[in-house]
Every structure is written in structure tokens, then in C-alpha cells.
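The values are calculated or read from the model by the stated rules, or taken from the named source; none is laboratory data. None of these values were measured; they are calculated from a predicted model. Reconstructed Cβ throughout: ideal geometry from the backbone, glycine too, with neighbour counts over all protein chains shown. With ligands, DNA and RNA removed, areas are computed over all heavy atoms of the protein, side chains included. Shrake-Rupley method; radii C 1.70, N 1.55, O 1.52, S 1.80 Å.
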Amino acid sequence: MIVVVGSLNMDMTVRTGRAPGPGETLLGKSFILSPGGKGGNQAVAAARLGGEVTMIGCVGQDAFGREMLEVMRGEHIDTRHIAELAEQSTGVASIVVEEDGENRIIVVPGANLALSAEDIAGMEPVISEAEVLVLQLEMDLNMVEHAAEIAHRHGVPVIMNPAPARELGAGLLSLVTILTPNETEAGLLSGITVDSVDSAREAAEILLQKGVQHVIMTLGPKGALIVNKNGAVHVPGFPVQPVDTVAAGDSFNGALAVQLAKGRTLEEAVVFANAVGALAVGKAGAVASLPYLEEVERFLEE
Ligand code: ADP
């Protein structure tokens with residue numbers, strides 16, 4: 001079982017030729033409402049790839065929250081540990097996607113931030129049974145650290161996707177089995193500008209010194225870099241025409257979790273996750289772009 005502790009947001013996505021500048025109003029091309037949030041996306045990604053997924057999180061008792069739960073159940077995700085809170089609104093994300101696929105996102109966390117360290121302590125029986133725990137940073141950081149600590153104590157591997165980019169203490173990083181920053185996040189966490197495979201490796205080495213066991217840095221179209229005590233391996237990405245990069249990182253993390261739960265090596269897992277990421281950027285939307293296992297297997301055979 002894969003346990004995802006994370007955010008559930010309703011994504012409100014506007015597509016536009018280009019994003020407006022300050023004080024400017026533009027006519028966009030389309031509007032889509034779809035369930036997302038890094039936690040939700042990663043849970044759906046893993047479920048579509050054949051993972052048995054349990055989600056821990058919070059939504060509000062509102063229309064968005066109800067729809068979110070319905071969608072999660074439709075993806076065969078165990079939603080019994082998603083709380084519905086009367087006094088909170090479901091998290092939302094305002095997403096602008098430009099013609100070239102570049103995105104700009106504002107998240108209003110709402111109910112997501114209500115999941116506390118105390119709440120997660122009550123989830124110890126669930127987390128301790130996991131084959132892998134998946135975390136991101138759209139939640140209360142103290143809660144995230146407690147979740148990682150529970151997993152660590154029970155020998156459950158922790159995949160931490162440090163997104164959105166936030167400073168993290170060595171305490172939390174030392175509980176992480178696999179850290180999956182993109183180049184920006186790796187830059188912030190290491191203090192090094194990442195703009196090449198060499199600087200990516202240098203940044204990853206710093207993160208290893210902070211106690212992370214393995215760094216898998218995602219490099220957009222260039223794929224990903226695995227760095228651990230055995231050295232560094234660059235696993236190239238698959239060439240595709242990007243439609244929109246929303247959820248590329250989320251699809252990658254969901255894929256990684258499924259592969260690790262299956263006992264694959266890191267290199268095998270990253271080849272698979274690169275294929276999943278490539279398929280996700282080739283399609284519009286967050287959840288809508290997440291591929292199913294058969295699509296990935298077909299893509300890898302081509
Ligand atoms: P994030 O979305 O978190 O910024 P990346 O942009 O690094 O993360 O993308 C995550 C993964 O998705 C990459 O490691 C790669 O496997 C895949 N990917 C992203 N962009 C592309 C692209 N243009 N072409 C092919 N694969 C891509």
C-alpha cells in the first residue's frame with residue numbers, strides 16, 4: 001500500500017495566449033475546473049499506474065470537497081482518512097497556462113492546513129502499514145515532519161517532493177529516504193543555482209550531507225538525476241511535444257512510489273517515471289493528463 005499525505009485542491013485552470021502583466025486584463029481561451037492539489041495528483045497518478053493508494057488529507061464540507069472525494073473514490077483510492085471539516089473551505093489553486101505550456105499557480109490551502117501533527121499521530125496505524133509514504137509541502141510543515149518521523153520509526157521509506165519550494169530544516173531532511181526536488185527547489189534547498197547536470201549534482205551532494213539518503217532531481221525535458229552515496233546517474237527524459245507542464249512533477253512522484261512499492265531499483269523506477277512525466281506533459285490538465293499503466297507500457301515499448 002502507498003500512503004499519500006497531502007493537499008487536495010480544486011484547480012481552476014485558465015488557458016491564455018500569454019499571462020497578463022501587472023494591471024493588464026486579457027481575454028483567455030478556456031476555463032476548466034478539475035480536482036488536483038499535489039497530494040491528490042500524486043495519489044491519482046499512483047492509482048492509475050496500478051498502485052493501491054490510501055490518501056490522508058482534509059477538505060471542507062462544501063461542493064468542491066464533495067466532488068474531490070467522489071473523484072478520488074472513482075480512482076479506487078481509499079478516502080476513509082480524508083477528513084471533511086465544516087469550518088474550513090476546500091483548498092483551491094488558481095492556474096494560468098500560457099500557449100507554450102508554461103504555468104503560473106496560486107494556491108489557497110484552506111482545509112489542507114487544518115491537518116495537524118496531532119491528527120497525523122492518530123494515523124500511525126495506517127502509516128506504519130505502508131510500503132512507501134509520499135509527502136509534499138502544501139501542508140503544515142510540523143505535520144509533514146511528524147508523518148516522516150512515524151514512517152522513519154517503522155522503517156517505511158519516505159518520498160518527499162519538496163514542492164512548492166520552501167526552506168527545510170536538517171531535522172526533516174534526515175528523515176527522507178528519497179527527496180525529489182525540481183531544479184528550482186533543489187536550488188533553494190542547497191543554496192546553489194541549478195542550471196546544468198553538473199550544478200544539479202553539486203546541489204544534490206549538499207542535500208545528501210543534510211541527511212537525505214537519495215536525491216532524485218527532476219530536470220524537465222532532460223529527465224532526472226539520481227544522486228546517492230554510490231554516485232550520480234543521469235536518466236535522460238523522453239522527447240515529447242509539451243502541451244502543458246501542470247502535474248509533470250506530480251505524475252513523476254506517483255510513478256516513483258508505485259515502482260518502489262513493487263521493489264524496482266531506483267534506475268528502473270526513474271526510467272518509468274520519466275515516461276509517465278513525458279506522457280503527462282503531452283496532455284492538458286492535472287488529473288486529466290495523468291496516464292494509465294497500459295499507456296505507459298505501450299509508450300515504453302515504442
Ligand atoms: P516540475 O513539474 O515539478 O517542475 P519537472 O519539470 O522537472 O518537474 O518535470 C518532472 C518530470 O516530468 C521530468 O523529470 C521528466 O521526466 C518529465 N518532463 C517534464 N517536462 C518534460 C518535457 N518537456 N519533455 C519530456 N519529459 C518532461
Condition met for LEU133 (modelled with pLDDT of 95 or more, buried (at least 17 other Cβ atoms within 10 Å of the Cβ) and part of a loop (DSSP other than H, G, I, E, B)): no
Scope the range 283-294; condition open to solvent by 40 Å² or more (accessible area, probe 1.4 Å), more than 14 Å from the ligand (Cβ to nearest atom) and not small (Gly, Ala, Ser); matching residues: TYR292, GLU294
Single condition ILE120 does not satisfy, out of (1) more than 18 Å from ASP250 (Cβ to Cβ); (2) open to solvent by 20 Å² or more (accessible area, probe 1.4 Å): (2)
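Residue-by-condition table, conditions (1) acidic (Asp, Glu); (2) within 26 Å of VAL92 (Cα to Cα); (3) within 12 Å of the ligand (Cβ to nearest atom):
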{"position": "LEU225", "(1), (2), (3)": "no, no, yes"}
{"position": "SER251", "(1), (2), (3)": "no, yes, yes"}
{"position": "GLU267", "(1), (2), (3)": "yes, no, no"}
{"position": "VAL281", "(1), (2), (3)": "no, yes, yes"}
{"position": "GLU297", "(1), (2), (3)": "yes, no, no"}
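What strands (runs of 3 or more DSSP E) lie completely within the range 141-235 and have 2 or more residues being surrounded by 23 or more Cβ atoms within 10 Å (Cβ to Cβ) and modelled with pLDDT of 95 or more?
Details: elements: 158-160, 214-218, 224-228, 231-235.
Where strands (runs of 3 or more DSSP E) fall fully within the range 141-235 and carry at least 2 residues being surrounded by 23 or more Cβ atoms within 10 Å (Cβ to Cβ) and modelled with pLDDT of 95 or more, they are 158-160, 214-218, 224-228.
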Count of residues meeting criterion [under 18 Å from PRO221 (Cβ atoms) and either aliphatic (A, V, I, L, M) or in contact (Cβ under 8 Å) with a residue 60 or more places away in the chain (or both)] in the range 164-199: 5
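Out of SER30, SER89, report the one residue that is exposed (fewer than 14 other Cβ atoms within 10 Å of the Cβ) and among the polar types (S, T, N, Q).
Answer to the check: SER30.
Which residue is farthest from the ligand (Cβ to nearest atom), if the candidates are limited to the range 253-265 and must be assigned to a loop (DSSP other than H, G, I, E, B) and more than 16 Å from ARG48 (Cβ to Cβ)? Show your work before the answer.
Of the residues in the range 253-265, the ones assigned to a loop (DSSP other than H, G, I, E, B) are 262-265.
After this cut, where a residue has to be more than 16 Å from ARG48 (Cβ to Cβ) as well, the list is 263-265.
Values: GLY263: 21, ARG264: 16, THR265: 17 Å.
Only one residue tops the list, namely GLY263.
Criterion first (farther than 19 Å from ALA284 by Cα, open to solvent by 20 Å² or more (accessible area, probe 1.4 Å), touching a residue at least 40 places away in the same chain (Cβ under 8 Å) and not β-branched (Val, Ile, Thr)) does HIS76 satisfy it? Walk me through it before giving the result.
Values: farther than 19 Å from ALA284 by Cα: yes; open to solvent by 20 Å² or more (accessible area, probe 1.4 Å): yes; touching a residue at least 40 places away in the same chain (Cβ under 8 Å): no; not β-branched (Val, Ile, Thr): yes.
So HIS76 fails the test.
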Search result, residues across the range 37-65 that are more than 20 Å from ASN274 (Cα to Cα), open to solvent by less than 10 Å² (accessible area, probe 1.4 Å) and part of a helix (DSSP H, G or I): GLY65
Checklist (1) buried (at least 24 other Cβ atoms within 10 Å of the Cβ); (2) assigned to a helix (DSSP H, G or I) applied to VAL271, failing item: (1)
